[in-house]
1. How large, in percent, is the carbon and sulfur part of the accessible surface of region B:1-131 at a probe radius of 1.4 Å?
2. Per residue Cα convex hull volume for region B:12-68, in cubic angstrom?
3. Quick check: net charge around A:Phe32, other residues with Cβ under 13 Å of its Cβ, Lys/Arg +1 and Asp/Glu -1?
4. Take the Cβ-Cβ distance between A:His76 and A:Ala14 as r, set R0 to 35 Å, and report the resulting FRET efficiency rounded to the nearest 0.05.
5. Total accessible area buried between chains B and A, 1.4 Å probe, in Å² to the nearest 100?
6. Other chains' Cβ within 10 Å of A:176-187 residues: what's the mean?
7. Hey, got the dipole for region A:12-68? About the Cα centre, +1 on K and R Cβ, -1 on D and E Cβ, debye to the nearest 20?
8. Using a ≥ b ≥ c from the Cα gyration tensor of region A:10-109 (square roots of the eigenvalues), is it rounded, prolate or oblate, where a/c under 1.5 gives rounded and otherwise the larger of a/b and b/c decides, a/b for prolate?
2 protein chains.
Amino acid sequence: MDGMARPRRLEPEARREQIIEAAIGTFAEVGFGATTRDLAQRAGITQALLYRYFASKSDLAETVFERVFLGRLSPHWIAELRDRRVPLHGRLCRFYRQYTAAIFTYEWLRIFMWAGLAGEALNRRYLGHVEDRLLAPMRDEIAAEPGIAAPDMEAMWALHGGIVYIGIRRHIYGLETPAEPGPAIEATVARFLAGLAAPLSGAAAPPSRAARPAAGRSARASSRR
Amino acid sequence: MDGMARPRRLEPEARREQIIEAAIGTFAEVGFGATTRDLAQRAGITQALLYRYFASKSDLAETVFERVFLGRLSPHWIAELRDRRVPLHGRLCRFYRQYTAAIFTYEWLRIFMWAGLAGEALNRRYLGHVEDRLLAPMRDEIAAEPGIAAPDMEAMWALHGGIVYIGIRRHIYGLETPAEPGPAIEATVARFLAGLAAPLSGAAAPPSRAARPAAGRSARASSRR
DNA sequence: TGATTTGCTGATCAGATGATCAACAAGGAA
DNA sequence: TTCCTTGTTGATCATCTGATCAGCAAATCA
């Protein structure tokens with residue numbers, strides 16, 4: 001079938017790239033427990049050659065890590081988020097369409113999740129950025145909108161989680177999801193804003209009698225486990 | 001410190017339980033790649049003894065899997081969800097408070113996520129149940145509420161994801177979250193219902209001009225990748 | 001054409017890992 | 001106490017895994 005056998009010798013640059021690409025796919029699929037022989041096979045080289053390009057398996061993993069996560073978030077998005085000439089709803093939708101276009105890939109989501117479970121520091125650092133550089137500006141923009149209750153950070157995380165969960169369902173759990181997240185994003189953003197605009201109206205009544213039995217202290221403080 | 005050395009010989013039942021408990025903690029922490037020696041050490045026994053109680057490591061993993069996931073969802077919750085004598089908001093909050101009390105544990109969330117990445121079938125099956133037995137009834141209850149737009153399944157998943165993401169942030173990513181999810185749940189449910197009640201009000205305007213450039217066909221159909 | 005550089009491979013090693021088994025010893029039965 | 005059942009262990013095995021290295025061969029140069 002594939003008539004021309006690929007060249008046996010490659011430029012170091014190209015070979016290195018080839019290994020990284022293969023590693024991204026492999027790590028995404030089976031996690032960082034992938035064997036060096038798996039990695040080599042997927043790259044179409046011998047296992048020994050890996051060590052000509054990377055000092056160790058974790059060195060390769062580190063490289064993959066940076067390749068996948070660094071530079072995916074465009075600072076331009078945040079600038080656009082602050083452009084108040086555009087209606088708020090439109091800005092939020094545009095941002096989340098761009099954001100999900102960047103991270104809703106099999107590789108990104110899975111490697112991010114594997115890394116999260118492994119306790120990688122880069123992971124927490126990334127989410128710190130999400131809170132500080134994305135959610136906080138979004139919250140500020142929403143708070144600046146007249147006739148809307150300013151959301152707290154938990155509310156922003158709920159919006160974020162509701163959208164990101166689409167990608168998790170698809171790429172982590174392997175479930176069916178809409179082919180395009182766009183409509184779901186628009187609906188979710190619209191509900192979110194409308195929900196903030198009408199804080200205690202109609203059916204969204206205060207908690208019922210049966211609603212708050214357990215929960216000792218109300219606990220706004222943060223703590224883990 | 002621990003003055004009394006524990007008995008060397010245990011009833012098979014008790015020993016088996018001890019191994020399972022240790023395995024739950026170990027698998028949650030490091031995943032199913034945990035070594036049998038790790039598992040044995042955490043259980044306080046020799047590695048060889050594991051094979052007296054479980055045919056293989058994957059046999060033990062299977063047992064852990066069932067132990068953690070089976071019987072966590074109470075059918076009673078769904079019955080309560082349908083009790084229309086209670087206001088809708090209260091029902092939804094009560095349900096999610098019960099649900100999160102059951103699954104927002106280090107062990108449950110992490111093992112579920114490890115299993116999801118590993119492509120376990122039980123995982124998808126569980127989420128199928130979530131959609132059919134939890135989200136669908138919730139949607140029906142909301143649809144039955146007067147003055148509220150009936151949400152589609154994607155909307156229900158967005159609500160669900162927004163809430164579940166709290167647990168993911170805490171136990172998978174190791175981030176700070178409110179000690180109690182209760183208040184966040186109430187706020188999220190309230191926003192969700194209010195957002196459905198006021199479909200196109202105020203700031204939640206239709207998508208702006210800059211909002212729908214890409215996205216060829218609108219795509220309600222489902223497909224993966 | 002012959003010499004030199006260097007990308008690449010096969011062989012190999014030490015340690016880790018899942019699994020097995022003969023033998024030991026704790027606790028009850030006779 | 002003695003015997004017997006059985007929960008438990010240390011030793012061991014075959015295989016896997018990350019890593020190393022001498023040597024081959026493709027491209028380049030003289």
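The values are calculated or read from the model by the stated rules, or taken from the named source; none is laboratory data. Computed from a predicted model, the values in this text were never measured in an experiment. As a convention, Cβ positions derive from the backbone with ideal geometry for all residues, glycine included, and neighbour counts pool all protein chains shown. The area values use the complete protein model at the heavy-atom level, side chains included, leaving out ligands, DNA and RNA. Shrake-Rupley method; radii C 1.70, N 1.55, O 1.52, S 1.80 Å.
1. Here carbon and sulfur together make up 51 percent of the probe-accessible area.
2. Numbers: hull volume 3.8 nm³, N = 57.
Once divided by residue count, the hull of region B:12-68 is 67 Å³.
3. My count for the surroundings of A:Phe32 gives -3.
4. 0.70
5. Adding both sides of the contact gives about 6600 Å².
6. 6
7. Once rounded to the nearest 20, the dipole reads 200 debye.
8. The shape class here is prolate.
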